[in-house]
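Novice: Sending over a structure as structure tokens; questions will come in a sec.
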Ligand SMILES: Nc1ncnc2c1ncn2[C@@H]1O[C@H](COP(=O)(O)OP(=O)(O)OP(=O)(O)O)[C@@H](O)[C@H]1O
Ligand SMILES: [Mg+2]
């Protein structure tokens, strides 16, 4: 059966020719509780749509113009929310392609010329789940992104909360934020939400985690943004149980396209190391002091020991310009830590405090911090940053990017 996604009743198709569009439009889908939206386009249009919109329940992609169908399908998987059912169509009747696509979790490969009867059968078997051809999920798990500071108070929670807000509300990705600083999470303050009742229980007794966990315990900030955070009493000793992360991850990653973890400063219980090992992307937040050099080196060494070539490290310098003394210049810093700086966010003396007072995310204000967070969020999903349009008109640069996206 189809999992509940943000657009759980939508069947979206991109096809490269008008004839196929007409046939797809003629296939009845009401009895499957699906509303179909059949558009002209190929792989690029499909990817563009998925990057900027909630995923449909069923996606039909046309591989006719694709020279590398398998790698194109992998690109689509990267942009899809977990649980989307994908049907590929194409003009090559090759069993090799068919097998490879199925192994990537595509439900079916339909060869052109299309027939409405065959498509109806395909849709029915995909939606009703009475097809035993492919049980492998397409995009089974969303992306895991860990945020860690090279020193305390460097802005990890601020950057994470606001990047999460942008991923969910500007890029329309189903996003979860999980703060493992269980005794003093800032997320609920930064986003003006409640803390999650029951988070501590599952961290102490992970056997209590079930499929309904996200609905029961997570706090929904908006349709696309759910938060898991806690403010446990300081005088009550509390240990995250071994196995809590491995119990939590499959549930969370199968329901959200992006899950952002705020890691505590202490590595003593092994949980941070486990999460760093499993993360698709690790964001290290630092400043350009000697203190940061030490811990950026230690963190990158630990992460690189994973030897996962697909894992990305994003190095963010925050609070740039706060102090003049005691900071090293960027070239020397990069040389010392053996890593390029990916994003620089200036110190902002005004908007963080105003935002906290107003109980609103700082990305809703104009200022250097908001600007930097927009750039960081775009890096997290490999896109050009979309800046808020405050003038009512699109700037030259935004028009340029909108045209060329
Ligand atoms: N670029 C910036 N300019 C000005 N203030 C900032 C900036 N980034 C973060 N801050 C402020 O720094 C303070 C600490 O931020 P935050 O709580 O996000 O850091 P942290 O790394 O999560 O801290 P901790 O180690 O306590 O978890 C907050 O008051 C926040 O508003
Ligand atoms: Mg924090």
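We did not get these values from a lab; they are worked out from the coordinates using the rules stated. Please read all numbers here as calculations on a predicted model, not as lab measurements. Here the Cβ is made from the backbone with ideal geometry for all residues, glycine too, and neighbour counts use every protein chain on show.
Novice: For region 246-328, what relative contact order do you get, as a whole percent, if you take Cα pairs closer than 8 Å and at least 6 residues apart?
Specialist: 33 percent
Novice: How high is the relative contact order of region 1-113, in percent, counting Cα pairs under 8 Å that sit 6 or more residues apart?
Specialist: So the answer I get is 28 percent.
Novice: If each residue's Cβ is checked for other Cβ atoms within 10 Å, how do 187, 275, 12, 239 rank with the fewest at the top?
Specialist: In order of increasing Cβ crowding within 10 Å: 239, 275, 12, 187.
Novice: With 10 angstrom as the radius, rank 285, 95 by how many other C-beta atoms surround their C-beta, starting from the fewest.
Specialist: 95, 285
Novice: Cα gyration tensor of region 143-226, axes a ≥ b ≥ c as square roots of the eigenvalues: rounded (a/c below 1.5), prolate (a/b > b/c) or oblate?
Specialist: Oblate, because a/c is 1.5 or more while a/b does not exceed b/c.
Novice: Rounded if a/c is under 1.5, else prolate if a/b beats b/c, else oblate: with a ≥ b ≥ c from the C-alpha gyration tensor eigenvalues square-rooted, which is region 7-128? Let's see the in-between values first.
Specialist: Details: a/c = 1.33, a/b = 1.11, b/c = 1.20.
Cα axes put region 7-128 in the rounded bin.
Novice: Where the centre of each part is set by its Cα atoms, how far does region 215-276 sit from region 358-381, in angstrom?
Specialist: Cα centroid of region 215-276 versus Cα centroid of region 358-381: 23 Å apart.
Novice: Counting other beta carbons within 10 Å of each Cβ, put 324, 174 in order, fewest first. Can you show the working numbers first?
Specialist: Working: 324 6, 174 23.
Ascending Cβ contact count within 10 Å gives the list 324, 174.
Novice: Quick one: compute the contact order of the chain, relative version, from alpha carbon pairs under 8 angstrom and 6+ residues apart, as a percent.
Specialist: Normalised by residue count, the contact order of the chain is 14 percent.
Novice: Follow-up. Measuring from centroid to centroid over Cα atoms, what is the spacing of region 22-37 and region 83-129 in Å?
Specialist: Spelled out, the Cα-based centre of one part sits 16 Å from the other.
Novice: Looking at the square roots a ≥ b ≥ c of the eigenvalues of the Cα gyration tensor of the chain, which shape do they give, rounded for a/c under 1.5, prolate if a/b is larger than b/c, or oblate?
Specialist: Judged from the Cα gyration tensor, the chain comes out prolate (a/c at least 1.5, a/b above b/c).
Novice: Let me ask something else about it. Under the rule of -39500 (n - 2.57) per DSSP H run of 4 or more residues, summed and divided by the residues of the chain, what mean residue ellipticity at 222 nm is obtained, to the nearest 500 deg cm²/dmol?
Specialist: -11000 deg cm²/dmol
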